[in-house]
1. Out of the stretch 368-387, which residues are touching a residue at least 40 places away in the same chain (Cβ under 8 Å) and part of a strand (DSSP E or B)?
2. For residues that are in contact (Cβ under 8 Å) with a residue 40 or more places away in the chain and either among the hydroxyl-bearing types (Ser, Thr, Tyr) or farther than 11 Å from Leu120 by Cα (or both), scanning just the stretch 180-202, find the one that is surrounded by the fewest Cβ atoms within 10 Å (Cβ to Cβ).
3. Only residues that are over 15 Å from Leu96 (Cα atoms) and either touching an Asp or Glu at 6+ places or on another chain (Cβ under 7 Å) or of a type in the set (Ser, Thr, Tyr) (or both): list them for the stretch 217-235, please.
4. Please tell me if Ser248 is under 21 Å from the mean Cα position of the chain (by Cα), of a type in the set (Ser, Thr, Tyr) and either assigned to a helix (DSSP H, G or I) or at pLDDT 80 or above (or both).
5. Going by what's in this entry, would Arg415 be described as assigned to a loop (DSSP other than H, G, I, E, B) and either within 26 Å of the chain's Cα centre (by Cα) or closer than 29 Å to Arg91 by Cβ (or both)?
6. Filter the stretch 347-361 down to the residues that are of a type outside the set (Gly, Ala, Ser) and buried (at least 21 other Cβ atoms within 10 Å of the Cβ), then identify the one that is nearest to Gly75 (Cα to Cα).
7. For Gly328, are the conditions met, namely being out of contact with any His (no Cβ under 7 Å at 6 or more places or on another chain) and surrounded by fewer than 20 Cβ atoms within 10 Å (Cβ to Cβ)?
8. Give the number of residues within the stretch 326-369 that are farther than 22 Å from Met315 by Cα and either out of contact with any strand residue (DSSP E or B) (no Cβ under 8 Å at 6 or more places or on another chain) or hydroxyl-bearing (Ser, Thr, Tyr) (or both).
Amino acid sequence: MLPELRVFIQTDTETKYVHLGAWQQAGLWVGGVALVSWTFIATAMVLINNLEADTQVAQAEALANAYELRLDELGDERDSRALEASNALNRFYMALGKISDQQSELLKAVEKQQELETALTLMRDNLQAALTARDEATKQNDTLIAQLQMVSGDLSSRAGAEDDLADTLQAISIALEEAVRVRDETRLEKVALQDQITDLERRLMLSDERQVRMLSKLEMAIQNEFEPLSAMFEEAGFEVEKLVSQVSSSYSGTGGPVTLARLSTKGTPDPAAMHLNENGTVERPDTLRRFENLMEDLGTVSMMQLAANKVPFTMPVKTRHRFTSGYGYRRDPITGGSRLHKGQDFAAGHGTDIFATADGEVIYAGWQSGYGKIVKIRHGFGFETFYAHLSNIRVKKGQTVSRGDHIGDMGSTGRSTGTHLHYEVHVAGKAVDPNTYLKAARHVH
């Protein structure tokens, strides 16, 4: 047991004491030990929590650095893909230039071939006239020979007309010599004309072979252009034939089903397929049909390219950026509730150039609640595109724009938590997923 204690408290005027029994002393000791223990435990827990917090901060920083590194890698990869797409587009335009040059050469070859056919026809006419003249000279020769025989038979009975007979014989002899000369010249002309005809036919054959090779190259080039365009439209949900007919009607006032011809691209023209018509000219129905189909196919591809310019297939941001939010329901960054996000968000630096994704007309350029500064463009086939939260607007209402035109700068106006572009695509007044058309464009861009 602990002995009793008295604790004296002295002031200037009096002295007091406090009596502490054994149990009171024990309670004070227990309380002191508990206080010291709690102090040590609390201090240890604070130190442990600080260490864990430092560890979590370090892990978060490492994770953030890893994300930044990955974003940089993705940005470099996207820039590389963009460069490849630009190079592919340049190669495509070079191919179109070559196609145009080859088309001009083909038209010149067709004109030259027509001239050769005309010359061949004239030469055949001359040959026919020479043959007719030869036959006529032969007939005259036979007639003169018959007359000579008749005259020879009557010599004995016409002794008194010797002078007249001599003149007649001389005239007949001259006529015979002329007939022989005409016959020989006709034979020579026939041989020469036949040689010229053979040479013309050979040149026509070579011209046909050259045209076939040129047609094959043009058909392949058009096919290579048609297939990616067709794949892009089909993935985006378009019916290619209906789309091309619609574009064709809007440009020429005509329409109808359009189907790319599947033409042969091998071999040379079959001589059996080349024959003379009633006018004596050479007909090549296969080559002419392929040329006509080629012109139709070139028109089809041109209509598809015009249609592609009216659909939002290209990116609104061309510099390095991040996709921060896609189309669909998501957690609202301001209210925290679930809400439909009607477009695609692109984040980049403040003032980044924003470009029109298709040809069209600006139907609104100004401020709109929630969107901030916004540009709206109406395109073909019921498409409209919205470009929201801009810091600056570069176009005005009623202005006609082309795909790739600079229409504004990236910002954070309106209902926004940071600098980004909110991009929407509407079809027939209803918002759709922009990524549908951006993904489909990979077949071409």
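The values are calculated or read from the model by the stated rules, or taken from the named source; none is laboratory data. For clarity, every value in this text was computed on a predicted model and none was experimentally measured. A quick note on method: Cβ atoms are made from the backbone with ideal geometry, for glycine too, and the neighbour counts reach across all protein chains shown.
1. Gln368, Gly372, Lys373, Ile374, Phe383, Glu384, Thr385, Phe386, Tyr387 - these are the residues of the stretch 368-387 that are touching a residue at least 40 places away in the same chain (Cβ under 8 Å) and part of a strand (DSSP E or B).
2. So the first thing to find is which residues in the stretch 180-202 are in contact (Cβ under 8 Å) with a residue 40 or more places away in the chain, and the list is 182-183, 186-187, 189-190, 193-194, 196-197, 200-201.
From what's left, either among the hydroxyl-bearing types (Ser, Thr, Tyr) or farther than 11 Å from Leu120 by Cα (or both): 182-183, 186-187, 189-190.
Numbers: Val182: 18, Arg183: 16, Thr186: 19, Arg187: 12, Glu189: 17, Lys190: 14.
Applying the filter and picking the extreme gives Arg187.
3. Ser230
4. The answer is yes for Ser248.
5. So Arg415 does not fit the description; no.
6. Thr352
7. no
8. 7
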